[in-house]
């Protein structure tokens, strides 16, 4: 009556990784200060070019200090955006991953509740605005 | 060759509003410190009960000080969440509205760009995590 | 500063339609008791096989009496489902089309408001259930 | 090779609930005439204010008689809307919950099939209308 | 802490199928050259009319040669479209099903990675285009 | 009664572009063999780092020969994937842009119709698979 998620490809284990993949695995662990390679990266590694494209961009945006970039947002705000997007898309892996990241940054369960209350509310107003095809209040662009 | 958005109902103008609707219109303008009632609320007013339910919740979450509640998030973070949700849902009215709110709070065009860069990136990883049906890295709940 | 929707193909006008397309246009007008062919069908007509596949299915489900089928749902409930789906998907054309259909069936603006209030609320709880990855309450299948 | 859904927070058990949360738990069971608190509410209870905001709105819309409101829609239609939204959003918890509610209201498996056939068909036409950027058939608003 | 997917209806086993359902089951196995009826069809069979409507359309589009139709696309391209749509919708069943179909057609893991890299990238640009409400570059329709 | 899309930021015109932005504008025109910079890039240019991150990734995936990479997919298949994703997300700008690209590659209106027929059909089966929470047919990963 119940069945789980069924992965579509076999992830590349750390022990199997060589060359570019091994180097990126090492960079992921060092950059994120974790001692394992999350499933996301081990799956993307089935196409090494793709792994590199995704990691390069994520590193630049979420770990800007490692590439000499200055972010205008603090790390918690960046993870809140990631969680809001993931919840809106209903992406299970991503919701788990970004909730874990927020908690590591010190977000408690009540604050998480407030973030998600806002996510939930605007999911509602989004549906209503589309449902009524409400015209934008005209404002000059930024 | 081009046609615009077609509203499905006629909004209730401020001059037409009476009773509960008029009271909520006044509260919206006072709470948001604006001198007009945005289209969203004028459309919801076609069902006064619904207008009240949506406004009560939005006021509690986005203007907590007006109901004696203390938020764990600052106003800019709250609007960033709203924008991230709206962009992910592709809701035109909402994107315009929350971009305008952010700009009123002092967000400049480059910071907006960084917020949206993160929105865009995680839209991508969300699609990938779902596309590969990647298994969550198991972590205990918060 | 504003630009409209840009159609990607040129619709087939009624006067241009021949053969299978002309026959389906006539059937659409007769079945729906309208005196024009809505844009949706004129666009689908750019691939006549596709037009036929979509129209056949829609006719069976939304106009069951014309194919000798008995529906378990009344016409208003069927259009409410169509509107709920369209609003959730944020499909502009579809929201307009199904709102128009509901109104032709006698739905007034307050009832529309209640339908959409429910659509909006569950958009919110959907986002929350996904955001927390809430486990289903286990129940035996229907 | 398979892994399940991983909840992100620990729900508040009924035995642990106190104050506002305990009162809402009791109200949920009485209003819905069930003898357990569904997971949704036990998870939302991790932020008591949020639990209250969501329950208040859901109660007003889905159990209008308990707050002295008259609904223009019958209970089955209200749950059909909830299911249509949940299916469109692909929300697993919500699909299970609203299917269970419909079945409690007497909906059989064939009627469920017809509801979902309509959901499925308009998911298709929604994608097509967006894919072709079909212009709305212009109609005056409701 | 983990729970799986909970089916909402009991599928119709092959041994239970009679009449129209049995005939369609046989056609599915013959058309797809497989020796079992996938869960999708066994669930749709709970409403035999619905089963027929979905199967007829899918057969015409995905197995055109069986209905004397000539497709302008090759089978791998058709499955790639199916996978791109399914990944974008985050539909677990569908992602598994269409990945399996692609692999049967000879797609290897690196090519799958490239398909999904493109899916992931345009999920990102889609979110950005909506987030900024970028105006279409005006081009005449096809 | 109708209103268009309202851009949220002012795009950077070609004449205004300097430094990194000007160089990317030139690269976009050369790589895509077009004589104007599409709105997408002129808007992203409001945050030059973001423009670079998006362009680098798109160039690598969609114009692989310009970076010495060999693609396993032909250009038309790559654009079909882009269109399928864009239609599924309902992204107006993106649908227009990728339809234009396909047409430049020689896709005619009937082939476009077949692509979209498949997009539309699987939007439908996706909704159904989620609506019934159909369990995956268990298959070993690729």
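For residue F:31, state whether it is within 30 Å of residue A:69 (Cα to Cα), at the interface with another protein chain (Cβ under 9 Å from one of its Cβ atoms) and in contact with a helix residue (DSSP H, G or I) (Cβ under 6 Å, 6 or more places away or on another chain).
No, not satisfied.
Yes or no, residue by residue, for (1) within 14 Å of chain C (Cβ to nearest Cβ); (2) buried (at least 20 other Cβ atoms within 10 Å of the Cβ):
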residue: B:15; (1), (2): no, no
residue: B:21; (1), (2): yes, yes
residue: B:40; (1), (2): yes, yes
residue: B:47; (1), (2): yes, yes
residue: B:55; (1), (2): yes, no
residue: B:61; (1), (2): yes, yes
residue: B:69; (1), (2): no, no
residue: B:76; (1), (2): no, no
residue: B:79; (1), (2): no, yes
Residue check for residue A:25: farther than 19 Å from residue E:131 by Cβ, within 14 Å of chain D (Cβ to nearest Cβ) and in contact with a helix residue (DSSP H, G or I) (Cβ under 8 Å, 6 or more places away or on another chain): no
Which numbered condition residue C:95 fails, given (1) at pLDDT 95 or above; (2) over 13 Å from the mean Cα position of the chain (by Cα); (3) under 30 Å from residue E:137 (Cβ atoms): (2)
Hey, residue E:114 within 10 Å of chain A (Cβ to nearest Cβ), in a helix (DSSP H, G or I) and within 30 Å of residue A:7 (Cβ to Cβ) or not: yes
Residue check, residue F:107 within 13 Å of chain C (Cβ to nearest Cβ), surrounded by fewer than 24 Cβ atoms within 10 Å (Cβ to Cβ), touching a residue at least 24 places away in the same chain (Cβ under 8 Å) and in contact with a helix residue (DSSP H, G or I) (Cβ under 9 Å, 6 or more places away or on another chain): yes
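Which of the following residues is closer than 13 Å to residue F:80 by Cβ, at the interface with another protein chain (Cβ under 7 Å from one of its Cβ atoms), in a helix (DSSP H, G or I) and touching a residue at least 12 places away in the same chain (Cβ under 8 Å): E:119, E:85, E:95? If you could, list the steps in order and put the result at the bottom.
Working: E:85 fails: touching a residue at least 12 places away in the same chain (Cβ under 8 Å); E:95 fails: closer than 13 Å to residue F:80 by Cβ.
Result: E:119 is the single residue among E:119, E:85, E:95 that is closer than 13 Å to residue F:80 by Cβ, at the interface with another protein chain (Cβ under 7 Å from one of its Cβ atoms), in a helix (DSSP H, G or I) and touching a residue at least 12 places away in the same chain (Cβ under 8 Å).
Kindly indicate whether any position in the range E:122-138 is assigned to a loop (DSSP other than H, G, I, E, B), more than 7 Å from every other protein chain (Cβ to nearest Cβ) and at pLDDT 95 or above. Even if it seems obvious, please write down each step before you answer.
Initial filter on the range E:122-138 (assigned to a loop (DSSP other than H, G, I, E, B)): E:132-138.
Filter once more, so that each one left must be more than 7 Å from every other protein chain (Cβ to nearest Cβ): none.
Looking for residues that are assigned to a loop (DSSP other than H, G, I, E, B), more than 7 Å from every other protein chain (Cβ to nearest Cβ) and at pLDDT 95 or above, one finds none in the range E:122-138, hence no.
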Filter result (touching a residue at least 40 places away in the same chain (Cβ under 8 Å) and either assigned to a helix (DSSP H, G or I) or on the phi > 0 side of the Ramachandran plot (or both)) within the range B:19-58: B:39, B:40
The range B:110-124, residues that are surrounded by 22 or more Cβ atoms within 10 Å (Cβ to Cβ) and over 14 Å from residue A:122 (Cβ atoms): B:112, B:113, B:114, B:115, B:116, B:117, B:118, B:120, B:121, B:122, B:123, B:124
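The values are calculated or read from the model by the stated rules, or taken from the named source; none is laboratory data. Being a predicted model, the structure only gives us computed values, none of them experimental. When we count neighbours, we look across all protein chains shown, and the Cβ atoms used for this are built from the backbone with ideal geometry, even at glycine.
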